[in-house]
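Novice: Please read through the structure below; I'll follow up with questions.
The values are calculated or read from the model by the stated rules, or taken from the named source; none is laboratory data. Just so it is clear, the structure is predicted and the values come from calculations on it, not from any experiment. Positions of Cβ are generated from backbone atoms using ideal geometry, with glycine treated the same way; all protein chains shown enter the neighbour counts. Ligands, DNA and RNA are stripped out before the accessible areas are found, and what is left, the full protein with its side chains, is counted by its heavy atoms. Shrake-Rupley method; radii C 1.70, N 1.55, O 1.52, S 1.80 Å.
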Amino acid sequence: MDWYTIGEVSKLCNIPIRTLRYYDDIGLLKPDRISPDTNYRYYSKEGLRKIPLIKYYKQLGFKLEDIGPMLERREIEVLEEYMAKELLLVERQMAELQKKHFAIREWQRLLQQGESLLAEAGEGREIRMERFPLYRTMKFRYEVKERQTADMEVIYSNLFVELCHRHNVFAYGPFMLYFDDFGRRVDRTFTGVDCYTAVIEDGANAALTTEVGGFEALSVVHRGDYRTIGDTYRAVQDWAERERIPLQGASYERYIIDPWVTAHSDNYVTELILPIGGQAHV
């Protein structure tokens, strides 16, 4: 029988000696013979055959503790069982990556929209009547227990992210708040607010989501700090009165560029959406 020293194995198989020693320590690939006189490690051809298998299975993502039984190659069914298990894991990872890809792409599109709106900042407020798109969203109700000292948008968005993380839900697109009375929103006397964000829905989280939107509304973009958002609300209200368009009195705020994106409040971009009177809130 041909025997190979650990150094020869290292060169033949392009594997560090320290890795071979580690595999020996954990029982993954033990030398076939150890000299009682010199304590040198020797490997057989069968030992050499296992090394490319270890490398390949590692490349596929198998853990070392699973690779050990796979190297035995005594029963084909055993190897097939490990392959089926790993395939299921990879398919789950692929599904997660697809969700992440979609969410990141949608956030990128939102940033591009915000940049475009900032470039139009000198053109004044454009008030439009349009249909508010229908979103599939996660929603929670936040009751204000005391006077908020920090920006409420930051408080609510952090609470929402924690909720999404807890339920392994991927959010995408703009964070939104709903106020049943935009007058009380402007003077900060509201006692509760509904919080929304669009999420990638699957069977596991369907019970956590709801639909919002699908109604006619007046829309205007507020650019700049939230402290001046009341001026934009009043401009929409005045415009609606002149055009004799009844407003419901509620509003949505859709945050396109917010404190998560920029530290400069002058660059905040917020879409105000005021439903036309007589339409129900979800």
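Novice: Regarding residue 214, is this residue over 30 Å from residue 92 (Cα atoms) and open to solvent by less than 10 Å² (accessible area, probe 1.4 Å)?
Specialist: No: the conditions fail for residue 214.
Novice: Moving on. Consider only pairs whose beta carbons are under 7 Å apart and that are at least six residues apart or on different chains; among these, list those whose first residue lies in segment 127-142 and is more than 22 Å from residue 239 (Cβ to Cβ) and open to solvent by 50 Å² or more (accessible area, probe 1.4 Å) and whose second residue is part of a strand (DSSP E or B) and acidic (Asp, Glu).
Specialist: 134/211; 136/211; 139/194; 141/194
Novice: Residue 79 is checked against (1) modelled with pLDDT of 90 or more; (2) part of a helix (DSSP H, G or I); (3) surrounded by 13 or more Cβ atoms within 10 Å (Cβ to Cβ) and fails just one. What number does that condition carry?
Specialist: (1)
Novice: Report whether or not residue 71 is open to solvent by less than 50 Å² (accessible area, probe 1.4 Å), in contact (Cβ under 8 Å) with a residue 24 or more places away in the chain and not β-branched (Val, Ile, Thr).
Specialist: Against the criterion (open to solvent by less than 50 Å² (accessible area, probe 1.4 Å), in contact (Cβ under 8 Å) with a residue 24 or more places away in the chain and not β-branched (Val, Ile, Thr)), residue 71 qualifies.
Novice: Assuming residue 240 fulfils every condition listed in (1) within 24 Å of residue 156 (Cβ to Cβ); (2) crowded, with 16+ Cβ neighbours inside 10 Å apart from one, which condition is it?
Specialist: (1)
Novice: While we're looking at this one, here's another question. With (1) at pLDDT 80 or above; (2) more than 27 Å from residue 233 (Cβ to Cβ); (3) not β-branched (Val, Ile, Thr); (4) not in a helix (DSSP H, G or I) as the list, and residue 168 as the residue in question, which single condition is left unmet?
Specialist: Only one criterion is unmet by residue 168, namely (1).
Novice: Sticking with this one: Pull up segment 89-126, narrow it to residues that are aliphatic (A, V, I, L, M) and open to solvent by 80 Å² or more (accessible area, probe 1.4 Å), then point me to the one that is modelled with the lowest pLDDT.
Specialist: Restricting to residues being aliphatic (A, V, I, L, M) and open to solvent by 80 Å² or more (accessible area, probe 1.4 Å), the top hit is 119.
Novice: If you don't mind, there's one more thing I want to ask. Do we have residue 230 as outside any loop (DSSP other than H, G, I, E, B), on the phi > 0 side of the Ramachandran plot and either buried (at least 16 other Cβ atoms within 10 Å of the Cβ) or touching a helix residue (DSSP H, G or I) at 6+ places or on another chain (Cβ under 9 Å) (or both) here?
Specialist: no
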